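K.L.:
Sharing a structure with you now.
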């Protein structure tokens, strides 16, 4: 069901960008691009909205979705390509013979450099000795080729190969129509040609004002002469030029290790968005939020110290910032002396800083809005349950097990409507054996409340995943712990219409079970209080499942370490005895009764597990 999806589109902007679906272990499952991020992600939540077969993984594996805003669709296209190559998501399709994006190379080692088109995955093809500069990659090959034609009108570089240029005795036709400066016959010297090369490099780097003016002048002249088809052609070329230079904010031309910090503020709320570029590609995009009234210069000093001062994070060669931090020289020295703190004013580096700033502003707005909605939902829940004013800490428990073995539990804590990860806890069952969820719930609630009483860290409300029976066990635990001030409710999942023992049972919505109430309290489908409770319960379930999978893997590894036990025999043992503990209690004769396990292997299994 769509309502059971764990990932949310809340706060996602209606902007171009890239989205990454991640599973519970933060692995990237799928990378996509969109002109409108919110509309694209909303389409995944509508049943049957997307006919591709790989969308089935979203309701099974995806735990969250991460978005990165870009300024244009072209930047989104380039960033998607980068992230797919970096993460190799299992649900993206990569053809072995697909081409990469076009780049433009200037071979500065040549006497008279020319513009060459190369592919991004083969930038060194046919590279001569000497220096070279790469521009791009460019998303639209058609727009790039049209732009290079227009560029030759403003910057008349040669486009013929050396084999042609070295054997010419007179200028070619392109010189006569103003598209080449004819270095082949000495009509321009090397310093003059070098100035043309620098102008071309500036245009390819994004400084297109001169070329834009030339194209706009031609468009206006054609329009004034009522040559409207010609004017439309120049208009299209102008649009192609602008499309061509888009995208450099996400794909720098150099390979400098660089972090870019964008800063956004709203009152006391501040957020820094860090884009980490490594080996010429965007390697990480992450936000860091805090509360501060310091000036921007002082704030950036504190942020840089926190990010890099403890030695846990690699200090890059360059850090781009929106303003010079306080005591920049002292700060640079404390970070190792090899880092350059820079405030860019133009070119690629400024575009990267603008991109980080846009992501910082978007993420801050999203987080502040989400927290406002969470606090409003909490206020509604307090009114609904009749809780005292000031209620803000909610704990939720969930039990996870598999065929009676490896039963574990989780506790998640929400404070003022949003997750407080410092309050998350995991539990291994000590007193309960087998799959008894009611007894397991009593044990973990009791252990949590006893510790809370001892440490003075009790919640205001406990939400139990289940109905009246689970709530009754939690109430027994509260009485034994003496934590009478803690309120408890049970949250039972919505159920579709079904048949139980031949009798028809109607569908039901999410229900709240309150202590002493004769009937559960139904929750309106789209009420903020219900959405908050569902999110808390889903987070408890996710946390428990993650812990259970890890523990189950550890337990199974005891069987894997026995010589002669492979996946098939391990599966047969667990199916027969239910858990590794059940295997260890089995006799040699019982073990040998399983197909594929000899008497000798059975003795080896018994000896190995008895020694653990």
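The values are calculated or read from the model by the stated rules, or taken from the named source; none is laboratory data. Small disclaimer: the values here were computed from a predicted structure and weren't measured. Note that we place each Cβ from the backbone using ideal geometry, even for glycine, and neighbour counts take in every protein chain shown.
K.L.:
Just to verify a result, which residue in segment 139-172, among those that are surrounded by fewer than 11 Cβ atoms within 10 Å (Cβ to Cβ) and at pLDDT 80 or above, is nearest to residue 106 (Cα to Cα)?
P.N.:
So the residue we want is 161.
K.L.:
Can you give me the number of residues within segment 86-138 that are assigned to a loop (DSSP other than H, G, I, E, B), at pLDDT 75 or above and closer than 30 Å to residue 65 by Cα?
P.N.:
Number satisfying all stated conditions: 3.
K.L.:
Now a separate question. Is it fair to say residue 569 is closer than 30 Å to residue 488 by Cβ and at pLDDT 80 or above?
P.N.:
No.
K.L.:
Output the residues belonging to segment 12-58 that are farther than 17 Å from residue 80 by Cα, surrounded by 13 or more Cβ atoms within 10 Å (Cβ to Cβ), modelled with pLDDT of 75 or more and within 16 Å of the chain's Cα centre (by Cα).
P.N.:
12, 13, 23, 24, listed by residue number.
K.L.:
Which number in (1) out of contact with any strand residue (DSSP E or B) (no Cβ under 6 Å at 6 or more places or on another chain); (2) modelled with pLDDT of 85 or more marks the one condition that residue 431 misses?
P.N.:
Of (1) out of contact with any strand residue (DSSP E or B) (no Cβ under 6 Å at 6 or more places or on another chain); (2) modelled with pLDDT of 85 or more, only one is false for residue 431: (2).
K.L.:
Now a separate question. Using the structure shown, decide if residue 332 is in the same structural domain as residue 266 (by TED's automatic domain parsing), within 22 Å of residue 271 (Cβ to Cβ), in contact with a strand residue (DSSP E or B) (Cβ under 8 Å, 6 or more places away or on another chain) and in a helix (DSSP H, G or I).
P.N.:
No.
K.L.:
Would you mind telling me which numbered condition in (1) crowded, with 20+ Cβ neighbours inside 10 Å; (2) more than 19 Å from residue 459 (Cα to Cα) residue 342 fails?
P.N.:
(1)
K.L.:
From the residues in segment 265-280 that are in contact with a helix residue (DSSP H, G or I) (Cβ under 7 Å, 6 or more places away or on another chain) and over 20 Å from residue 342 (Cβ atoms), which one is surrounded by the fewest Cβ atoms within 10 Å (Cβ to Cβ)?
P.N.:
Residue satisfying both the conditions and the ranking: 266.
K.L.:
In this structure, does residue 395 turn out to be within 35 Å of the chain's Cα centre (by Cα), over 15 Å from residue 545 (Cα atoms), at pLDDT 85 or above and surrounded by fewer than 16 Cβ atoms within 10 Å (Cβ to Cβ)? Let's see the steps before the verdict.
P.N.:
Values: within 35 Å of the chain's Cα centre (by Cα): yes; over 15 Å from residue 545 (Cα atoms): yes; at pLDDT 85 or above: yes; surrounded by fewer than 16 Cβ atoms within 10 Å (Cβ to Cβ): no.
Criteria not met by residue 395.
K.L.:
Take the conditions closer than 19 Å to residue 257 by Cα, assigned to a helix (DSSP H, G or I), free of Cβ contacts under 8 Å to residues at least 60 places away in the same chain and in contact with a helix residue (DSSP H, G or I) (Cβ under 9 Å, 6 or more places away or on another chain) and apply them to residue 341. Does it pass?
P.N.:
Considered against the rule, which asks whether it is closer than 19 Å to residue 257 by Cα, assigned to a helix (DSSP H, G or I), free of Cβ contacts under 8 Å to residues at least 60 places away in the same chain and in contact with a helix residue (DSSP H, G or I) (Cβ under 9 Å, 6 or more places away or on another chain), residue 341 comes out as no.
K.L.:
Can residue 446 be described as at pLDDT 90 or above and either assigned to a strand (DSSP E or B) or out of contact with any strand residue (DSSP E or B) (no Cβ under 8 Å at 6 or more places or on another chain) (or both)?
P.N.:
Here the answer is yes, as residue 446 does meet what is asked.
K.L.:
Quick one: would you say residue 357 is out of contact with any strand residue (DSSP E or B) (no Cβ under 6 Å at 6 or more places or on another chain), assigned to a helix (DSSP H, G or I) and not assigned by TED's automatic domain parsing to the domain that holds residue 75?
P.N.:
Spelling it out, it is not the case that residue 357 is out of contact with any strand residue (DSSP E or B) (no Cβ under 6 Å at 6 or more places or on another chain), assigned to a helix (DSSP H, G or I) and not assigned by TED's automatic domain parsing to the domain that holds residue 75.
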